[in-house]
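The values are calculated or read from the model by the stated rules, or taken from the named source; none is laboratory data. Bear in mind that the values here come from a model prediction, so they are computed numbers and not experimental data. All Cβ positions, even for glycine, are placed from backbone atoms using ideal geometry, and neighbour counts span all protein chains on display.
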Amino acid sequence: MKQVAAGVCLTWVALMGLGLGTARAAGPDEAATPEFYKTKVQPILQENCYRCHGGMNHRGGLNIQTRAGMLKGGHDGSVLVPGDPAKSLLVRLIRHEGPANDPMPMPPKRPKLSDADIATVERWVKAGAMMPE
């Protein structure tokens, strides 16, 4: 019986040493996929931003329906710095931390986005702000 127990322990130690008994490392962040944008981010932007910055409306010269539009930006330049939410004007505006010379928080005349929605947009930007073509 002692030999069986010792054999089981040695097998377990060997498996642990090979990494077979440990949890696998997490795969790529789902926020780095166009699907994350389509299912999580785009609905937030549609609900809160498209009225002024989507479709035929490009208030301030900004169209946020495409990645190219966000990278180009509007009158104040790019609103998106993929990988860096702190430098992305989009994130700063929805957090109500926009530039001092811009007195209008986003979205205007509406409540600030929820902390969960802001976190979703930040996560997407941090992961590279991938969008479908």
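Scanning for something part of a loop (DSSP other than H, G, I, E, B), farther than 20 Å from Phe36 by Cβ and at pLDDT below 85, does region 123-133 turn up at least one residue? The answer is no, given that none of the residues of region 123-133 is part of a loop (DSSP other than H, G, I, E, B), farther than 20 Å from Phe36 by Cβ and at pLDDT below 85. Taking region 32-49, which residues are surrounded by fewer than 16 Cβ atoms within 10 Å (Cβ to Cβ) and over 15 Å from the mean Cα position of the chain (by Cα)? Gln46, Glu47 - these are the residues of region 32-49 that are surrounded by fewer than 16 Cβ atoms within 10 Å (Cβ to Cβ) and over 15 Å from the mean Cα position of the chain (by Cα).
Taking the criterion of being in contact (Cβ under 8 Å) with a residue 24 or more places away in the chain and either on the phi > 0 side of the Ramachandran plot or touching a Cys at 6+ places or on another chain (Cβ under 6 Å) (or both), the residues of region 30-88 that qualify are Ile64, Gly83.
Scanning region 89-114 for residues that are in contact (Cβ under 8 Å) with a residue 12 or more places away in the chain, surrounded by fewer than 12 Cβ atoms within 10 Å (Cβ to Cβ) and under 16 Å from Val41 (Cα atoms) gives no hits.
For region 81-122, the candidate set comprises residues that are part of a loop (DSSP other than H, G, I, E, B) and among the hydroxyl-bearing types (Ser, Thr, Tyr); within that set, the residue that is farthest from Asn48 (Cα to Cα) is Ser88.
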